[in-house]
Amino acid sequence: MKRPTLEAVAARAGVSRATVSRVVNGQTTVAPHIRDVVVRAIDELGYVPNSAARSLVTQRTDSIALVVSEPPTRVFSDDPLFATVIRSASLELEAADKQVVLMLASTAKSHARVERYIASGHVDGVMLISMHGADPLPSAIARMRVPVVSYGRPAVPIDIPFVDNDNVGGAEKAVRHLLDSGRNRIATIAGPLDMIAGQDRLAGYRNVLRDSDRRSIVAVGDFTRESGAIAMRQLLRDDPSLDAVFVANDLMAVGALQALRQAGRSVPGDVALVGFDDIEAAKYTDPPLTTMRHPVSDQASAMVQLLLGLFQGGPSDPIILPTELVIRDSA
């Protein structure tokens, strides 16, 4: 069977081809009763708009690029952050009748590919995730004048809209909780320092210790479970008498718990532990992990709404979401 055409819909509805085109493309200049007739004809004929032709008329692709500056081994690992962000953003865009184009950009070659794709007009907007300090993509995309938002404050000094959580304030709450519970030698496992989340959570830790006249004890991980275990072993070598650790994310905290157990340290008896993110696994560690709840789904949804608002000329002000201390048995 031949695919129904715009002309066939116009004939069935008794209107011009231009009127059908305006209805299909979502224009508001068609009277409601005529729109109803056209929509009924579309349903009866099973007409499906030609997306390529529609894009030529509307100058829209209804596609959004979700660009993650991490290798596949990191994105498709046991870190639930990426899956949560991708799922939440996809659902939010689906509700707005948009589709997601997932693009990974962790090498110079993949950066060039992403830039070419966006510059060629294949997407209406871009969402950036997991940006690192030296990443050239934010600046390159900003120069293209394509609407763009970032999941998290960009690590480079560039004026693009972003949605983040209160990393500094959340870290401060976590460390104050450890101090209030009587801990004295509080260390931290920081996240990667070329990322804003790593920098800000370390800053929050240092703010509280500075105010309480205690020295910082720092090891650095990369937000993976393995790096948390390695960093925890380093901290125990550097200061065997430490009695608490603030860990910049829950996945590293899981690794730290394993390293403490292997070293014969009880949690929270010998060492109290607080993480950040409140991933699902935090409830099921042994002991269950005290952590800062970071609203990942809400942050991803807010990022989509911020981008959709930009299409309509909406505000580009940053959005900062609050964090919440969730107390469990590890501290």
Answer with yes or no whether residue 150 is over 30 Å from residue 214 (Cβ atoms), among the hydroxyl-bearing types (Ser, Thr, Tyr) and assigned to a strand (DSSP E or B). yes
Which of (1) touching a strand residue (DSSP E or B) at 6+ places or on another chain (Cβ under 9 Å); (2) within 17 Å of residue 307 (Cβ to Cβ); (3) small (Gly, Ala, Ser) is the odd one out, the single condition residue 121 does not satisfy? (1)
Would you confirm whether or not the stretch 296-317 contains a residue that is part of a helix (DSSP H, G or I), touching a Leu at 6+ places or on another chain (Cβ under 8 Å) and of a type in the set (Val, Ile, Thr)? yes
Answer residue from the stretch 217-256, given it is within 18 Å of residue 183 (Cα to Cα), of a type outside the set (A, V, I, L, M, F, W, C) and not in a helix (DSSP H, G or I) and is least open to solvent (accessible area, probe 1.4 Å) among those: 239
The stretch 266-278, residues that are part of a loop (DSSP other than H, G, I, E, B), within 21 Å of residue 224 (Cβ to Cβ) and either open to solvent by 50 Å² or more (accessible area, probe 1.4 Å) or out of contact with any Leu (no Cβ under 7 Å at 6 or more places or on another chain) (or both): 278
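Table: residues versus (1) out of contact with any strand residue (DSSP E or B) (no Cβ under 6 Å at 6 or more places or on another chain); (2) open to solvent by 40 Å² or more (accessible area, probe 1.4 Å); (3) closer than 22 Å to residue 297 by Cβ.
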{"residue": "152", "(1), (2), (3)": "no, no, yes"}
{"residue": "157", "(1), (2), (3)": "yes, yes, no"}
{"residue": "169", "(1), (2), (3)": "yes, no, yes"}
{"residue": "175", "(1), (2), (3)": "no, no, no"}
{"residue": "192", "(1), (2), (3)": "yes, no, no"}
{"residue": "196", "(1), (2), (3)": "yes, no, yes"}
{"residue": "202", "(1), (2), (3)": "no, no, no"}
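When the stretch 1-41 is examined, which residues are found to be outside any helix (DSSP H, G or I) and not β-branched (Val, Ile, Thr)? Steps first, answer last, please.
If we filter the stretch 1-41 for residues that are outside any helix (DSSP H, G or I), which is where we start, we get 1-5, 14-16, 25-31.
If the condition is that a residue be outside any helix (DSSP H, G or I) and not β-branched (Val, Ile, Thr), then 1, 2, 3, 4, 14, 16, 25, 26, 27, 31 are the ones that fit.
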Looking at 140, 89, which is the one that is in contact with a helix residue (DSSP H, G or I) (Cβ under 9 Å, 6 or more places away or on another chain), at pLDDT 90 or above, farther than 21 Å from residue 192 by Cβ and open to solvent by less than 40 Å² (accessible area, probe 1.4 Å)? 89
Of 58, 84, the only residue that is open to solvent by less than 40 Å² (accessible area, probe 1.4 Å), modelled with pLDDT under 80, within 29 Å of residue 116 (Cα to Cα) and of a type in the set (Ser, Thr, Tyr) is 58
Number of the condition not met by residue 259 [criteria: (1) within 21 Å of the chain's Cα centre (by Cα); (2) assigned to a helix (DSSP H, G or I); (3) not charged (D, E, K, R)]: (1)
For the structure I just gave you, tell me whether residue 121 is surrounded by fewer than 23 Cβ atoms within 10 Å (Cβ to Cβ) and within 24 Å of residue 72 (Cβ to Cβ). no
Are there any pairs, at least 6 apart or on different chains, whose C-beta atoms fall under 6 Å, with the first in the stretch 296-307 and more than 12 Å from residue 148 (Cα to Cα) and the second among the small types (Gly, Ala, Ser) and part of a helix (DSSP H, G or I), and if so, which? 297/88; 300/88; 300/89; 301/88
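The values are calculated or read from the model by the stated rules, or taken from the named source; none is laboratory data. Predicted, not measured: the structure shown is a model, and the values here were computed from it. A quick note on method: Cβ atoms are made from the backbone with ideal geometry, for glycine too, and the neighbour counts reach across all protein chains shown. Accessible surface areas use protein heavy atoms only, side chains included; no ligands, DNA or RNA. Shrake-Rupley method; radii C 1.70, N 1.55, O 1.52, S 1.80 Å.
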